[in-house]
Amino acid sequence: MSIIFKKSVPGRRGVRLPKCDVPASTEIPEKYRRLSDAPLVELSEIDVVRHFTELSLKNYGVDTNFYPLGSCTMKYNPKVTEKLAGMEGFASLHPLLPQLRHGDLLTQGALAALYDLEHLLREICGMDAFTLQPMAGAHGELTAMMIFAAYHNKKGNKKSEVLIPDESHGTNPSSAAIAGYEVKPVPTNRETGALDLEALRQKIGEQTAALMLTNPNTLGIFNSDVDKITEIAHKYDAQVYYDGANLNAVLGKFRPGDADFDAVHVNLHKTFGTPHGGGGPGSGPVGVKKHLVDFLPISRIVKRDDATYALDYNYPDSIGYIAPFYGNFSVCLKAYIYILLLGAEGLIEVSENAVLNANYILHSLKKEYDVPYLRTCMHECVLSAKKQVENGVHALDIAKALIDRGFHPPTTYFPLIVKEALMIEPTETESKETLDAFISAMKDIAEKAASNPDELHKAPVTTPVSRLDETLAVKSMNLVFPLDVNE
Amino acid sequence: MSYIANTANEQKEMLKACGLSSIDALFEDIPERLKPKSFNIPHGKSELEVSATIEKMASRNYSHLTSFLGGGFYDHFIPAAIDALASRGEFYTAYTPYQPELSQGTLQSIYEYQTDICRLTGMEVSNASVYDGGTALYEACQMAINATGRNRIIIDGGVNPIYRKMIHTHTLNLSIELCEVAVTHGQGDREKIFEALNKDTAAMIVQNPNFFGVIDDHSDIVNKCHSMGILVIQSTYPVALALIKTPGEIGADIATGDGQSLGIPLSFGGPYLGFMATRKKLARKMPGRISGLTMDTQGREGFVLTLQAREQHIRREKATSNICTNQALCALRANIYLSLLGKEGLKETARLCLNKALYMKERLKAIPNIKVYEDLPVFNEFVIRLPMDAGELAGMMIDRGFAAGFPLGRYYPGMENYLLVAVTEKRTKHDIDLFAETLEDALCQ
């Protein structure tokens, strides 16, 4: 480990700035002045470039190799989107510019891209309007919960609960709770892997503000009764939310709007090809049906009669500001470019190949691994390490053994309702030979689990570090490099 | 254009392996009645065609104006090495470092970023980022409410009005009482602030420099708040922190801000970088990812995501926050920026901003009919009073090639003639002189 702060050499400079061309005598008055300099590093440009290049070599991305992290849709990110979004005309555009008088005319290109993207997402999801402002999926969930609350408040509905299936992503209950709702879990039918309709009927009532669903769900199963569920919910004026985390499975095959969902979020960084950035930035636009349009956050982008675009703040029922400006603009722009490149037939091919790839993996591994729900899956399949556990090999060991075989592991121990879960999402961009290589690695691991489990317990051995002690990390709480070490 | 590798033949082979006859068989779970009612999306295009479309859109944006627009978001210099390093595929095509053995690059850079933020703010712990400076402020409110068990938040009127609006939206349905204290003479009004504090108050929010660009020493507010068990949240501007008193030095409990100024392009509002730093004792109340140092099975040092028991994927509805995906790539950029600029470079950048702002202030002051609003110490931004509507003047200056600044009337009724002007190291003396001459000329018309 070579922390950058240890490399600092007093006097080194990484950037040369222009000489000050105005009188440079001013100081901050003493009362307001920082007492001692910020102890940042002192390095040359090449020191910094080598340091971060070294760090990058200790990392693994989609560009490195197969990254089947379930629920995260780690597809290939086209390079052209990066290039175009980085153009000066977008990158140096100040967000307050359109707030000047007639300022929207100064940003017509940017506003047009956002307007078009909103309309494309409407059509893809079957919704009536979109906001692009939420800056991640969880932010979209929270935004929708606030929109639901505003809707119920306006109608005078007294509602306190949000129903959430037990297989859902952790962000669902967390977002509902942060919006001020009490969370009630709804069980999954263990036979079918779909939401238990009977249990739903028992739990739902006048107190239900909303129901949050993911379809296909986190087991990779499409719920064919989803329109019946929205019908049940609407009897109580409960709003139904579609978590679009798994939208990559159903582009052009199913639109949440057609099944009467009231609101939906999509993850541009999953379905629409924008990079995950090592944990962000993402973007989680929210689409709604007509009855919720007035509650969308401001500003909203409108097209004038003269075909110019403007920002409109005049929506008295709006929930207000959820972002400082128009969302993670450059992420939205990349997703827009992605949709223009693929078009209708390209998007349909995305889902067809994503689902095909997942089923290919499922069918190729069903002998070696336990499959809790053996049926056609959607864009991801969930296996269990149950058989391997008999030899003391857990999902974690399988994940780590995959690392030694050159692959990023799938999501493990999720969904929570499957013991020893391995959630595999290959995405559409992976080739047959990549999938075959992964499948043989998985088969090899299954064989080793029987013949030499100890080898798997030691994995990974090919990485810069082996398994790390998470308990020690919590205990020692070393979250910041201390001062006065080699400085 | 499609990014699918497999050929039709390969797809057929794979279908056969699955025991299926067609692609349609994969979608049998979707009943006929749930098939899309329409899917009216244009045909796909080539990279060449789409590039031409997008380049044309970019050219319709006025990104060429000489800009004095700030308001919390600034046109700072971005060294080329940042783009070169942050665009390495190993960084930007990875996701949250759930598998630490494969993610030491991301995890170490988060740890270094956390260290940078603490060294800049004078605080003890930092998280790996939240969406933006406004979200950071709202999350800080939640931390204070959790830590104190109280539900009243006092906000100084000098806090960015957009952030105040965001806090308002986020707390609408929660039993949280928000109380805003108007700024009277350019700085936080001590008398009114102290009057607003009471035993139900969880936190006091201040900003330094405030929205008018004025710098302040909030130590007295911190002392008063602490004597009443109230936490102080200070939103701040990281480049200014090279020179001005830090949240740590005044004794603030939580420091927040937007890290856009640290090597992140303006990009029409995002992605930006919400930073949050606090005291060790509040670390477990902090939202978001945190990277920590530990050991591997062979005694080697390495990094992991830590204190995860706070987070939504473990705690679900009991988590401290719902945040999952954050602004990791922007935090990496900030880490690279601060490493390149370093101790002296950041100070020099801040000095350039300060000196140019003061030069410009004097230059504009000399123009008849222009007054500087409450002539108080500033960093790189200040307010002038014009003899006319500031919005109208800004419009006239656009025609002359300048983004003159931000007219305050939009967020501060009664201040229609006031313009907020920002300067960074990128503006030259020539830019400033030309601006002053043009402004004087425009006012004469």
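The values are calculated or read from the model by the stated rules, or taken from the named source; none is laboratory data. Computed from a predicted model, the values in this text were never measured in an experiment. All Cβ positions, even for glycine, are placed from backbone atoms using ideal geometry, and neighbour counts span all protein chains on display. What goes into the accessible areas is simple: the full protein's heavy atoms, side chains included, and nothing from ligands, DNA or RNA. Shrake-Rupley method; radii C 1.70, N 1.55, O 1.52, S 1.80 Å.
Could you look through the stretch B:331-389, keep only residues that are farther than 30 Å from residue B:409 by Cα and hydrophobic (A, V, I, L, M, F, W, C), and pick out the one that is nearest to the other protein chains (Cβ to nearest Cβ)?
In this case the residue turns out to be B:340.
Select from the stretch A:348-373 the residues that are farther than 19 Å from residue B:21 by Cβ and of a type in the set (Phe, Trp, Tyr) and write down the one among them that is surrounded by the fewest Cβ atoms within 10 Å (Cβ to Cβ).
Step by step, filter the stretch A:348-373, then rank; the result is A:373.
Which count do you get for residues in the stretch A:152-166 that are within 29 Å of residue A:190 (Cβ to Cβ) and open to solvent by less than 10 Å² (accessible area, probe 1.4 Å)?
Final tally of qualifying residues: 4.
Checking residue B:309 against (1) at the interface with chain A (Cβ under 7 Å from one of its Cβ atoms); (2) more than 18 Å from the chain's Cα centre (by Cα), only one condition comes out false. Which one?
Here residue B:309 meets the rest and fails (1).
What is the residue count in the stretch A:71-80 for residues that are in a loop (DSSP other than H, G, I, E, B) and either more than 8 Å from chain B (Cβ to nearest Cβ) or open to solvent by 10 Å² or more (accessible area, probe 1.4 Å) (or both)?
4
How many residues does the stretch B:314-354 hold that are modelled with pLDDT of 95 or more and either among the small types (Gly, Ala, Ser) or at positive phi (or both)?
7
Return only the number of the condition from (1) buried (at least 24 other Cβ atoms within 10 Å of the Cβ); (2) under 26 Å from residue A:167 (Cα atoms); (3) of a type in the set (Val, Ile, Thr) that residue B:264 does not satisfy.
(2)
Could you list, in sequence order, all residues of the stretch B:45-83 that are open to solvent by less than 30 Å² (accessible area, probe 1.4 Å) and not in a loop (DSSP other than H, G, I, E, B)?
Scanning the stretch B:45-83 gives B:50, B:51, B:54, B:57, B:58, B:61, B:67, B:81, B:82.
Kindly establish whether residue B:340 is in contact (Cβ under 8 Å) with a residue 12 or more places away in the chain, in contact with a Phe, Trp or Tyr (Cβ under 9 Å, 6 or more places away or on another chain) and surrounded by 21 or more Cβ atoms within 10 Å (Cβ to Cβ).
Against the criterion (in contact (Cβ under 8 Å) with a residue 12 or more places away in the chain, in contact with a Phe, Trp or Tyr (Cβ under 9 Å, 6 or more places away or on another chain) and surrounded by 21 or more Cβ atoms within 10 Å (Cβ to Cβ)), residue B:340 does not qualify.
Every residue in the stretch B:265-285 that is within 10 Å of another protein chain (Cβ to nearest Cβ), of a type in the set (A, V, I, L, M, F, W, C) and in contact with a helix residue (DSSP H, G or I) (Cβ under 8 Å, 6 or more places away or on another chain), please.
Result: B:266, B:268, B:273, B:277.
What is the residue count in the stretch B:43-62 for residues that are hydrophobic (A, V, I, L, M, F, W, C) and either more than 7 Å from chain A (Cβ to nearest Cβ) or at positive phi (or both)?
Counting residues in the stretch B:43-62 that are hydrophobic (A, V, I, L, M, F, W, C) and either more than 7 Å from chain A (Cβ to nearest Cβ) or at positive phi (or both) gives 2.
Which ranges mark the helices (runs of 4 or more DSSP H) fully within the stretch A:81-161 that have 2 or more residues being within 22 Å of residue B:168 (Cβ to Cβ) and either more than 9 Å from chain B (Cβ to nearest Cβ) or of a type in the set (D, E, K, R) (or both)?
It comes to A:137-155.
Could you tell me whether residue B:374 is open to solvent by 10 Å² or more (accessible area, probe 1.4 Å), over 19 Å from residue A:100 (Cβ atoms), assigned to a helix (DSSP H, G or I) and acidic (Asp, Glu)?
When the stated conditions are applied, residue B:374 does not pass them.
I'd like to check something: does the stretch A:60-70 contain any residue that is open to solvent by less than 10 Å² (accessible area, probe 1.4 Å), more than 30 Å from residue B:208 (Cα to Cα) and out of contact with any Phe, Trp or Tyr (no Cβ under 9 Å at 6 or more places or on another chain)?
So the first thing to find is which residues in the stretch A:60-70 are open to solvent by less than 10 Å² (accessible area, probe 1.4 Å), and the list is A:61, A:66-70.
From the residues that got through so far, the ones that are more than 30 Å from residue B:208 (Cα to Cα) too are A:61, A:66-70.
Next cut, out of contact with any Phe, Trp or Tyr (no Cβ under 9 Å at 6 or more places or on another chain) only: none.
Within the stretch A:60-70, not a single residue is open to solvent by less than 10 Å² (accessible area, probe 1.4 Å), more than 30 Å from residue B:208 (Cα to Cα) and out of contact with any Phe, Trp or Tyr (no Cβ under 9 Å at 6 or more places or on another chain).
Return the residue satisfying two criteria in turn: it lies in the stretch B:86-102 and is part of a loop (DSSP other than H, G, I, E, B) and out of contact with any Gly (no Cβ under 8 Å at 6 or more places or on another chain), and of such residues it is least open to solvent (accessible area, probe 1.4 Å).
Here the residue is B:99.
Tell me, yes or no, whether the stretch B:390-402 has at least one residue that is open to solvent by 70 Å² or more (accessible area, probe 1.4 Å) and on the phi > 0 side of the Ramachandran plot. Walk me through it before giving the result.
Keep residues of the stretch B:390-402 that are open to solvent by 70 Å² or more (accessible area, probe 1.4 Å), which gives B:392, B:399-400.
Subset that is on the phi > 0 side of the Ramachandran plot: none.
Taking every residue of the stretch B:390-402 in turn, none turns out to be open to solvent by 70 Å² or more (accessible area, probe 1.4 Å) and on the phi > 0 side of the Ramachandran plot.
Could you say which residue among A:443, A:448, A:387, A:400 is in a helix (DSSP H, G or I), within 10 Å of chain B (Cβ to nearest Cβ) and of a type outside the set (A, V, I, L, M, F, W, C)? Give the steps one after another, and end with the answer.
Values: A:443 fails: within 10 Å of chain B (Cβ to nearest Cβ); A:448 fails: within 10 Å of chain B (Cβ to nearest Cβ); A:387 fails: within 10 Å of chain B (Cβ to nearest Cβ).
Answer to the check: A:400.
For the condition among the aliphatic types (A, V, I, L, M), open to solvent by less than 20 Å² (accessible area, probe 1.4 Å) and out of contact with any Leu (no Cβ under 7 Å at 6 or more places or on another chain), what is the one hit in A:302, A:288, A:293, A:264?
Sole residue among the options that is among the aliphatic types (A, V, I, L, M), open to solvent by less than 20 Å² (accessible area, probe 1.4 Å) and out of contact with any Leu (no Cβ under 7 Å at 6 or more places or on another chain): A:264.
Which of the residues that make up the stretch A:167-182 are more than 7 Å from every other protein chain (Cβ to nearest Cβ), open to solvent by 20 Å² or more (accessible area, probe 1.4 Å) and in a helix (DSSP H, G or I)?
none
Which one of B:178, B:174 is at pLDDT below 95 and surrounded by fewer than 24 Cβ atoms within 10 Å (Cβ to Cβ)?
On the way: B:178 fails: at pLDDT below 95.
The unique qualifying residue is B:174.
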